[in-house]
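The values are calculated or read from the model by the stated rules, or taken from the named source; none is laboratory data. Note that this is a predicted model, so its numbers are computed, not measured. Cβ atoms come from the backbone with ideal geometry, glycine included; neighbour counts cover every protein chain shown.
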Ligand SMILES: [Zn+2]
């Protein structure tokens with residue numbers, strides 16, 4: 001059988017960007033290198049150096065002499081998924097406020113519980129969520145939350161990769177404390193930003209309706225001074241859009257552009273209510289959008305115009321959002337839902353093909369959060385690899401593997417996961433997290449937060 005439905009695709013020769021030779025080879029029945037074209041290499045393998053980077057992808061014959069360690073795994077090897085917008089410690093408040101629209105959901109469902117949260121709670125919430133993501137094949141997440149120290153500590157233990165963007169929420173701060181919080185995040189950046197150690201740091205003002213445009217601009221300047229990611233909620237609900245229009249006479253996108261918020265790497269979460277002018281502006285300034293279709297549906301916020309965003313040239317990544325508006329961290333559900341919604345709303349089965357949907361959860365999502373060496377298996381990229389068990393009814397007869405992955409696939413077929421070449425999930429069990437203990441902790445801590 002041919003992996004992508006075409007006649008045996010030619011193997012891909014990748015450039016070798018690292019100087020180290022291969023230390024380890026992972027061999028699958030198929031390798032999907034990623035990169036948006038949906039190509040699958042039959043009999044493919046991935047060579048990894050001892051620094052955890054990919055040094056070659058292709059058939060074993062193409063890759064040449066085997067390195068010292070060869071793991072014959074079978075199945076499909078592909079890049080780990082990238083969750084471009086999450087608040088993962090919200091595992092502690094999973095499913096809070098169901099049935100409420102965004103503002104009530106925040107003010108009545110979520111914030112009263114989060115107000116009682118400690119750093120230790122957040123560490124456990126992140127630990128459990130990180131294990132949940134890794135087991136689903138999500139190797140990188142872009143986090144917007146408080147308790148940034150505890151979150152990156154939890155990720156160091158779980159073995160995942162994170163872009164941690166500490167939040168600035170004026171509704172939770174007293175007058176004058178916003179500047180202190182910005183200084184705190186700058187200090188955090190200098191102490192913890194460590195790409196080689198799987199930790200990236202950015203800045204995350206909550207939204208234009210929570211902060212002022214000038215405050216957002218100041219946060220952007222601090223981010224741009226160190227070339228860090230600027231991460232903000234944008235146009236999630238029609239209520240929020242109208243509130244900003246009434247207050248300033250301009251859209252939030254226009255206001256952010258005017259204060260220079262998009263002059264460096266930037267990602268805006270949701271973008272449900274972006275109009276044509278907003279979309280073109282984001283494309284022109286090179287700002288990305290995190291598309292969170294499941295969260296937007298659950299909170300009744302609407303369906304983002306993702307096909308129009310892509311047509312305008314905006315970089316889009318998929319995101320789960322937090323576990324109180326989803327309510328899990330399984331990005332495969334977004335991979336399926338995004339094209340289903342786009343086609344259903346657009347009355348067109350030809351929009352958002354399967355390869356594009358997969359790209360929005362891998363390479364494009366990585367690009368959206370400022371990473372160019374994640375989300376694709378090619379020479380020089382980090383060896384963040386997942387193995388999918390293809391010996392399943394969902395992949396039978398397996399004539400069109402990429403379409404099967406998107407519309408019949410699921411996180412439950414992910415068996416093994418590597419981050420920077422290190423095994424972090426082996427035979428469906430996370431290596432760095434005791435899941436039973438983490439569940440017990442999050443269960444008792446979550447109940448304490450829920451007590452009135
Ligand atoms: Zn969010």
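General observations
- Residues (assigned to a loop (DSSP other than H, G, I, E, B) and either touching a helix residue (DSSP H, G or I) at 6+ places or on another chain (Cβ under 7 Å) or more than 27 Å from residue 230 (Cβ to Cβ) (or both)) located in the range 379-404: 379, 383, 389, 390, 391, 392, 396, 397, 398, 399, 400
- Among the residues of the range 209-220, those identified as under 19 Å from residue 176 (Cβ atoms) and under 24 Å from the mean Cα position of the chain (by Cα) are 210, 216, 219.
- Residues that are in contact with a strand residue (DSSP E or B) (Cβ under 8 Å, 6 or more places away or on another chain), touching a residue at least 40 places away in the same chain (Cβ under 8 Å) and outside any strand (DSSP E or B), drawn from the range 412-434: 420, 421, 428, 431, 432
- There is no residue in the range 252-259 that is on the phi > 0 side of the Ramachandran plot and modelled with pLDDT of 95 or more.
- Among the residues of the range 110-123, none qualifies, meaning not one is surrounded by 24 or more Cβ atoms within 10 Å (Cβ to Cβ), more than 20 Å from the chain's Cα centre (by Cα) and within 30 Å of residue 367 (Cα to Cα).
- Candidate set: the range 297-346, residues that are assigned to a loop (DSSP other than H, G, I, E, B), farther than 25 Å from residue 113 by Cα and in contact with a strand residue (DSSP E or B) (Cβ under 6 Å, 6 or more places away or on another chain); chosen: the one nearest to the ligand (Cβ to nearest atom): 304
- Per the conditions (1) at pLDDT 95 or above; (2) farther than 19 Å from residue 260 by Cβ; (3) more than 16 Å from the ligand (Cβ to nearest atom), the sole criterion not satisfied by residue 223 is (2).
- If the condition is being within 12 Å of the chain's Cα centre (by Cα) and more than 16 Å from the ligand (Cβ to nearest atom), then the range 139-159 contributes 139, 140.
- Pick from the range 87-108, criterion within 14 Å of the ligand (Cβ to nearest atom) and in a helix (DSSP H, G or I), ranking: nearest to residue 161 (Cα to Cα): 88
- Residue selected from the range 230-268 under the condition in a loop (DSSP other than H, G, I, E, B), within 16 Å of the ligand (Cβ to nearest atom) and under 20 Å from the mean Cα position of the chain (by Cα), by the criterion farthest from residue 294 (Cα to Cα): 235
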